[in-house]
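The values are calculated or read from the model by the stated rules, or taken from the named source; none is laboratory data. Everything numeric in this text was worked out from a predicted model, so none of it was measured. Don't worry about glycine lacking a Cβ; one is built from the backbone with ideal geometry, like all the others, and counts go over all protein chains shown. Heads up: the accessible areas ignore ligands, DNA and RNA and are worked out on the full protein's heavy atoms, side chains in. Shrake-Rupley method; radii C 1.70, N 1.55, O 1.52, S 1.80 Å.
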Amino acid sequence: MNELIRKRKSVRKYDLTSLDAATLETVRAEIGKVKPLYPDIKYSIEIVSKSKGLFGIKAPHYLIFTSDVKDGCLENIGFIGQQLDLFFSANGLGACWLGASKSGEKLESNLPHVIAMAFGKPAAPLHRELSAFKRKPLTAISEGSDPRLEAARLAPSAMNMQNWFFIADNGKIHCYYKKLNPLLGLIYDKMVRVDMGIAICHIETETEDFSFVKADDAPTRKGYIYAGTVL
């Protein structure tokens, strides 16, 4: 498994000193390299130094993700953003998804806001031991056998709820997110779908020739919504 996935963590304490211009330029270059899950969905990622919203984290910089509203747009942002989360972890920087934060500055993009991500130099340990992960067992979130499922199990999710399910099927992985009741859906539906994209990103890192499709023969899973299939 990708070594970064085995040790990454959400960093919540930062050195509030701004990153130098060269480092920020490297981040911008990486933003230009990310691969979308759905190439036809328009999105934007901007770097700002101020955020606002509930449960915010003080950091020197934030990524602000905006997107066209289309089927799969939230999974797309999760997939894209987690590539950057892993990039930060690989390059000595911390990051943390912020589901209830928005930009505190005017953006260039006019697309609807989706989510934010804090990043910067960590003021706490950047990585952790595998034993420090608090995750559900594979048997609770999947059926069938595929070594890539462990990478999905270690993916971050809102409130660490892991509202996803995976069915391994002869080299394919069918991906599902939990169907929430109306009350919880008002609060968490967006994040459940972003989380789905995050987990699919982790699967992608373990897949040599990755593709993601809507399969006509995907089985149904009671209480869950089918997101797509990794081939």
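Among residues belonging to region 18-48 that are in contact with a His (Cβ under 9 Å, 6 or more places away or on another chain) and either of a type in the set (Val, Ile, Thr) or at pLDDT below 95 (or both), point out the one that is farthest from residue 117 (Cα to Cα). So, considering only residues that are in contact with a His (Cβ under 9 Å, 6 or more places away or on another chain) and either of a type in the set (Val, Ile, Thr) or at pLDDT below 95 (or both), the one farthest from residue 117 (Cα to Cα) is 27.
Is it true that residue 168 is modelled with pLDDT under 95 and surrounded by 15 or more Cβ atoms within 10 Å (Cβ to Cβ)? So residue 168 does not fit the description; no. Looking at the structure I just gave you, is residue 87 farther than 27 Å from residue 52 by Cα, open to solvent by 20 Å² or more (accessible area, probe 1.4 Å) and out of contact with any strand residue (DSSP E or B) (no Cβ under 7 Å at 6 or more places or on another chain)? So residue 87 fails the test. Filtering region 116-148 to residues that are touching a residue at least 40 places away in the same chain (Cβ under 8 Å) and either at positive phi or of a type in the set (A, V, I, L, M, F, W, C) (or both) leaves 116, 117, 118, 119, 120, 123, 124, 126, 130, 132. Each residue in region 24-55 was checked for being over 17 Å from residue 103 (Cα atoms) and open to solvent by less than 40 Å² (accessible area, probe 1.4 Å), and 6 of them qualify.
From the list 123, 140, 116, which one is modelled with pLDDT of 95 or more, among the aliphatic types (A, V, I, L, M) and buried (at least 20 other Cβ atoms within 10 Å of the Cβ)? Only one candidate qualifies: 116. Picking from residues in region 162-188 that are among the aliphatic types (A, V, I, L, M) and in contact with an Asp or Glu (Cβ under 8 Å, 6 or more places away or on another chain), the one that is nearest to residue 202 (Cα to Cα) is 173. For region 10-17, the condition holds for no residue, the condition being that it is farther than 21 Å from residue 203 by Cα, assigned to a helix (DSSP H, G or I), of a type outside the set (Lys, Arg) and modelled with pLDDT of 95 or more. I'd like the full set of residues that are in a helix (DSSP H, G or I) and β-branched (Val, Ile, Thr), limited to region 175-218. Within region 175-218, 187, 192, 194, 198, 200, 203, 205 qualify. For region 56-77, filtered to residues that are assigned to a loop (DSSP other than H, G, I, E, B) and of a type outside the set (A, V, I, L, M), the residue that is most open to solvent (accessible area, probe 1.4 Å) is 58. For residues that are part of a loop (DSSP other than H, G, I, E, B) and among the aliphatic types (A, V, I, L, M), tally how many sit in region 109-137. Looking only at that region, the number is 4. The set of residues from region 143-165 being out of contact with any Ser or Thr (no Cβ under 9 Å at 6 or more places or on another chain), open to solvent by less than 50 Å² (accessible area, probe 1.4 Å) and in a loop (DSSP other than H, G, I, E, B) comprises 146, 154, 155, 157, 162.
Quick check on region 5-15. Is at least one of its residues touching a Pro at 6+ places or on another chain (Cβ under 6 Å) and under 29 Å from residue 227 (Cα atoms)? Yes, that holds for at least one residue. Candidates in region 201-231 are the residues that are open to solvent by less than 30 Å² (accessible area, probe 1.4 Å) and touching a strand residue (DSSP E or B) at 6+ places or on another chain (Cβ under 6 Å); of these, the one that is farthest from residue 164 (Cα to Cα) is 215.
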